[in-house]
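Everything below concerns the one structure shown next.
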Amino acid sequence: MSEPPHLEVLTVLLHSTCSLKCLRALHARLAVAGAIWDTSVILGLVERYLSLGKPSPAASLFSEAYRGRPTIYSLNLAVRCFSDHGFHRELLDLYRELCGFGSDNFTFPPVIKGCTAVGCLRLGREVHCRVLRTGHGGNVGVQTALLDMYAKASQIDVSRRVFDGMAQRDLISWNAMVSGYSLNGCFQEAVEALQEMQQRGMRLNASTLVGIIGMCGGVNAKDLGSSLHALAMKYGTIADESLTSAFISMYSAFDDLSSSRLVFDLQPAKDLVSFNSMISAYMQHSNWKEAFDIFRLMHCAGLEPNLITMVSVLPSCNEFFGINQGESVHGVIIKFGLAEQVSVVSALVSMYSKVGKLNSAVLLFCCITEKNNLVWNSMISGYLVNNEWNMALDTFCKMQIEGVPPDSTAIINVISACRHTKDFHVAKSIHAYAVRNRFESNQSVTNALLAMYADCGDISTSYKLFQKMEVRKLISWNTMISGFAEIGDSETSLLLFCQMCQEEVQFDLVTLIGVISSIFVSEDAMVGESVHSLAIKSGCNSDVSLTNALITMYTNCGSVEAGQKLFDSCSDSTITYNALMSGYRKNNVSEEILPLFCQMVKNDVKPNLVTLLNLLPVCQSELQGKSIHSYAVRNFTRLETPFSTSAICMYSRFNNIEYCRKKFSLVGERNIILWNAFLSACVQCKKADMVVDFFKNMLFLNVKPDSVTMLALISACSQLGDADFAACVTAVVLQRGFSAKGLVVNALIDMHSRCGSISFAREVFDSSVEKDSITWGAMINAYSIHGNGEAALDLFSMMTDSGTDPDDITFVSILSACSHSGFVEQGRTLFKSLQANYGITPRVEHYACMVDLLGRTGHLDEAYDIVRSMPFKPSDNLLESLLGACRFHGNSKIGESVGKLLIESEHGKSRSYVMLSNIYASAGKWSDSEQLRSDMEAKGLRKDVAVSLIGMT
């Protein structure tokens, strides 16, 4: 059989009924016939593979056919084909492979569109650079694609810069800019752009208006909405389907349903979207009958409903009509093949439950194979509506067993069930689950709203809502007390508790737990004891949760003994062990945690992830850490981010960066906390190059860094000591808007000083708007490191003149600067003012700086007096510093006294013996020197072998 001509083959190839099997057969025959190199055949095959959803063979075919060297024309056709079929990621892969063979104005727009679709802003910027390098930056289509990409990446300022740089702007460009403003919530800017379009004589179309119309409803801009409606009528775009739906929704947001209906009725040809918009508008305002009438009208018009239609109209059956209309709608759903849609099934379950047909709801629920949160929540709500509280709780448990994580709606529903069943233990568990996972609560329940705002950290909004409540029930008071306790505001929590008692609202266990958990400083310990006494009087003290809260309260206030007594008096539970472990950690009694864990295992109390989080930071060896890590892997199906972060920190303490990297790579979803933990681990393990590499990878994956990320990058740069790289890091900090963060600015100052650029450090310091004591101290320390004591003293004077009080760390830096520069009088004055003027008790570091200063300048008697007058034992480094000064200045008398102190304190380090022996030798006390050497040998101590750094050539 002869091969068909190319055009005939291409006709068959592009036929809509061509299956994948047929396509592969044609592909093979064309390859055998040698026609596979024909451009029209290649592109025909590519297009057909893409239409069948097979981008990989299409990309391989195109790349192999041109042997990696396509013409720009063929590349453009292929790129456009990939874009038209929505295979944006594959398009970008193909472009990366073949972009070196040229690009033009027709190549760049679909490539930029692909970057926008997959959210790869990094590659988009690279393409932007290529556009500028190749001279295509003035093309309107390319520029429009760029400004659209930046707008959809939430960089509307960059988008505007591209727009402003356009020499010519067409309607598509203006629409893209207006749409970008609308997408980013820039309502005023979108309106101004629209006005500018009109001033420049541009004829507006539906695409121009639809975004702004949608925003009008959100900001309640009624006058502007009406003006836009008039503008649409003026330009003849009012009949556009997208605008009709937008205006219906806008007027609905204005509570003007009559205008929404007028827009709907005036549309000559109504589509499905318009009907759905009108039904939704009525349903949002509880106009059930009108919504169902629109549904009937739609049915009479012969339009086939979709799942949005059915989900919107079903609530009208259970709220207004009843089972008859409900079953009729169910029949329509089956007729049009929507019965398997999850959202429709969920609405049906809810409808049958609310009209009292619980068995029908259960039957539908059981028949669906893949259940998501929506279906589970509908079934739980169905049980609640029919007063089946225990069935609701059982369904919630089954939901978790089947691996579906509950959402906020499920939590609120089950808490409601717990109130009715009086199952307080389950209620507390659900509450703890909700708090731990930071669920947003359903706003239809006022108390849930209070909890939502409190749990999300917006306690002020929660409190405003609480104050507006006419009736404040116990749960409302508990939510507010717990909310302020959560943010550590013990004063407000206690005031609310007193106010609650004055209004004769009887407290319960949750109230006491909320008040107790707000107490976390030793000054409030007496208040905590009073609340404890109140708990005993009310009979609540036997509850495990209250006991755990009391243990936490006492240990937070520094009374570990009281926490231990409470622990010993209660029954064993995981939470109780965790509470005491956390208390040990906070009070630096880490040596008690591992024995407590052993006791926990011995008593058959199963640890949870919180237990392990308490254990990992106190591991005394890497082997212990690995054992805990292995236990977690064996016993928990899912290790949450806090555990992964803690494990990485643990391995970094033992300088095992390889395990840190493995742990990081095994985590599926990496959030910014995990990235920061790994970068910090690299810094701790002195792997600065790795920090830089992973930071680049982080940006490539579009993970947005935060200030902690930048601190890790800056620390890595400090380790590298590269001034040029430090300048690059500073540029990144400025570009990403972290220059206003105090911690970041302080780190930048320290980084530049350690990289040798003291002038750059000073520029960063001077540019800082708000300077705290740490900022001043960082710059003073920078001058100290560089030996510029005069500049450090001048800066210290500027600091005090500005009204900023120095802290103890700042004094260490300025005293160190005086020491390096030999400023004795200034150092004495500063040391005296430490406590006299600023109320700072000198620490060993301050004494060490003074001893070093006096020792360097030959004031050995004064230095030795300071050593003897110190309120604590001098450190070995301090004594060694003074001993070295004695040798340098030839003062054997004081040197002998200091040397004896050093030998006694170091328990026989060879270095101390050698230093004192050298002092004896310098003073001519050879017998004492020999005797010291003999004592050294008798104790088996050897002098450290010296190493020369001069290489032999």
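Using all alpha carbons of region 790-863, what is the percent of pairwise distances in each 10 Å bin, ordered from the shortest bin to the longest?
21, 57, 21, 2
About its Cα centre, what dipole magnitude does the chain give when the only charges are +1 on Lys and Arg Cβ and -1 on Asp and Glu Cβ, stated in debye to the nearest 20?
In debye, rounded to 20, the chain gives about 2120.
Within the set of other residues whose C-beta is less than 11 Å from the C-beta of S773, count the net charge using Lys and Arg as +1 and Asp and Glu as -1.
Here the charged neighbours net out to -3.
Dividing the alpha-carbon radius of gyration of region 270-339 by 2.2 N^0.38 Å (N being the number of residues), what value is obtained?
In units of the 2.2 N^0.38 Å rule of thumb, it is 0.98.
Could you work out the mean projected area of the convex hull around the alpha carbons of region 162-320, in square nanometres to one decimal?
Reported value for the Cα convex hull: 9.9 nm².
Would you tally the net charge around D706, using a Cβ to Cβ cut-off of less than 15 Å, leaving D706 out, and scoring K and R as +1, D and E as -1?
With Lys, Arg at +1 and Asp, Glu at -1, the net is +4.
If one takes the longest principal axis of the Cα atoms in the chain, at what angle in degrees, from 0 to 90 and to the nearest 10, does the Cα axis of helix 307-319 lie?
For 307-319 against the chain, the angle is about 90 degrees.
Just need log10 I(q)/I(0) for region 470-599 at q = 0.09, 0.20, 0.21 Å⁻¹, Debye formula, equal scatterers on the alpha-carbon atoms, no solvent, rounded to two decimals.
After summing over all Cα pairs, the log10 values are -0.25, -1.11, -1.20.
With only alpha-carbon atoms counted, please give the Rg and Dmax of region 197-266, in Å.
Cα only, region 197-266: 11.4, 35 Å (Rg, Dmax).
When the Kirkwood radius is taken over all Cα pairs of the chain, what Stokes-Einstein diffusion coefficient follows at 20 °C and 1.002 mPa s, in µm²/s?
For the chosen part, D equals 60 µm²/s.
How far, in degrees from 0 to 90, does helix 446-455 lean away from the longest principal axis of the Cα atoms of the chain, to the nearest 10?
Here the helix axis deviates by roughly 40 degrees.
Can you pull out the trypsin sites (Lys or Arg not before Pro) in region 671-717 that DSSP calls coil and that have at most 16 other Cβ atoms within 10 Å?
Hits after loop and neighbour filter: K686.
Considering the dipole of the chain built from charges on the beta carbon (Lys and Arg +1, Asp and Glu -1) around the Cα centre, which of H846, L338, A716 is farthest to its positive end?
Highest projection toward the positive end goes to L338.
Which whole number of Å³ per residue matches the convex hull of the alpha-carbon atoms in region 773-908?
Enclosed volume per residue, from the Cα hull, is 102 Å³.
Please return the longest range in the chain lying between exposed loop sites, taking GluC sites (Glu not before Pro), DSSP loop only, at most 11 other beta-carbon atoms within 10 Å, and leaving the sites out.
Looking at the chain, 1-369 is the longest stretch - no exposed GluC sites (Glu not before Pro) with at most 11 other Cβ atoms within 10 Å.
Residue by residue through region 229-235, which ³J(HN,Hα) values in whole Hz follow from phi under the Karplus form 6.51 cos²θ - 1.76 cosθ + 1.60 (θ = phi - 60°), with glycine and proline marked x?
Result, ordered by residue: 4, 5, 5, 5, 5, 4, 8 Hz.
How much net charge surrounds A782 when only the other residues with a Cβ under 15 Å from the Cβ of A782 are counted, with Lys and Arg +1 and Asp and Glu -1?
Net local charge, A782 excluded: -2.
Select from S350, C366, I212 the residue farthest towards the positive end of the dipole of the chain; place +1 on Cβ of Lys and Arg, -1 on Cβ of Asp and Glu, and compute about the Cα centre.
Final value for the positive-end residue is C366.
State the Cα centre-to-centre distance between region 714-741 and region 807-825 in whole Å.
27 Å
Once you've got the Cα coordinates, tell me which of K473/K565; K565/K663; K602/K686; K663/K686; K54/K662 are over 28 Å apart.
Flagged as over cut-off: K473/K565; K565/K663; K602/K686; K54/K662.
Mean residue ellipticity at 222 nm from the helices of the chain, using -39,500 (n - 2.57) per DSSP H segment of n ≥ 4 over the full residue count, to the nearest 500 deg cm²/dmol?
That calculation yields -22500 deg cm²/dmol at 222 nm.
Ratio of Rg to Rh for region 342-405, alpha carbon only, Kirkwood?
0.93
Can you pull a Stokes-Einstein diffusion coefficient for region 730-776 at 4 °C (1.567 mPa s), Rh from Kirkwood over Cα pairs, as a whole number of µm²/s?
124 µm²/s
Report relative contact order for region 458-505 in percent, whole number only (criteria: Cα-Cα under 8 Å, sequence separation at least 6).
Over region 458-505, the number comes to 33 percent.
Readers should treat all values here as calculations from the given coordinates under stated rules, not as data from a laboratory. Just so we're clear, the structure is a prediction, and the values are computed from it rather than from any experiment. Glycine gets a Cβ as well: all are built from the backbone with ideal geometry, and neighbour counts include every protein chain shown.
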